[in-house]
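Participant: My questions will all concern the structure given below.
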């Protein structure tokens, strides 16, 4: 289980070094000069929404919470726009406070990958899968394409929601399977009387 949490940390380590600038604002703002240094070609995020929406609005929501206000409204978007009602800022997700830290998007992505991996590990163990298979399933799900490539909060929240629904469905299926097995055992144990 420790390995499930360790793999996303190891994958995020290069983005946490001072040599690799993984801040989406560098890539989404188009205001940074010489962002394509010789050692760093390309961008670490395939979706610019991570800089346009998730980081900008999530940071705003976290700042509002720290100032003692509930982030209901975003006064910086035109004449104003609801902030809490939007998906991308994740105004009520406690992990949004990670965006206030340096390299907060990397930390947020890493935390969500760890949670997805641990949740999948727990789900697979609950379903009766062995430790090794559950560990591999947790690692693969934690670093799957959606969480690794797309860094916008909307996709991650949908992923977490579907994981929660899968867990509920799987636990219900497991309970139904146990009940079915129990009925079979009771039928096998019951004495068979020949017809008269």
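The values are calculated or read from the model by the stated rules, or taken from the named source; none is laboratory data. All figures in this text were calculated on a predicted structure; none of them were measured in a lab. Backbone-built Cβ (ideal geometry, glycine too); neighbour counts: all protein chains shown.
Participant: Among (1) free of Cβ contacts under 8 Å to residues at least 24 places away in the same chain; (2) assigned to a helix (DSSP H, G or I); (3) touching a helix residue (DSSP H, G or I) at 6+ places or on another chain (Cβ under 6 Å), there is one condition residue 133 misses while meeting the rest; what is its number?
Facilitator: (3)
Participant: Kindly list the number of the only condition in (1) over 21 Å from residue 23 (Cβ atoms); (2) buried (at least 18 other Cβ atoms within 10 Å of the Cβ) that fails for residue 68.
Facilitator: Residue 68 satisfies all of (1) over 21 Å from residue 23 (Cβ atoms); (2) buried (at least 18 other Cβ atoms within 10 Å of the Cβ) except (2).
Rundown of residues vs (1) exposed (fewer than 12 other Cβ atoms within 10 Å of the Cβ); (2) part of a loop (DSSP other than H, G, I, E, B); (3) within 11 Å of the chain's Cα centre (by Cα); (4) at pLDDT 90 or above, yes/no style:
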site: 99; (1), (2), (3), (4): no, no, no, no
site: 106; (1), (2), (3), (4): no, no, no, no
site: 156; (1), (2), (3), (4): no, no, yes, no
site: 159; (1), (2), (3), (4): no, no, yes, no
site: 182; (1), (2), (3), (4): yes, no, no, no
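Participant: Which of (1) in a loop (DSSP other than H, G, I, E, B); (2) over 30 Å from residue 137 (Cβ atoms); (3) touching a helix residue (DSSP H, G or I) at 6+ places or on another chain (Cβ under 8 Å); (4) modelled with pLDDT of 80 or more is the odd one out, the single condition residue 89 does not satisfy?
Facilitator: (4)
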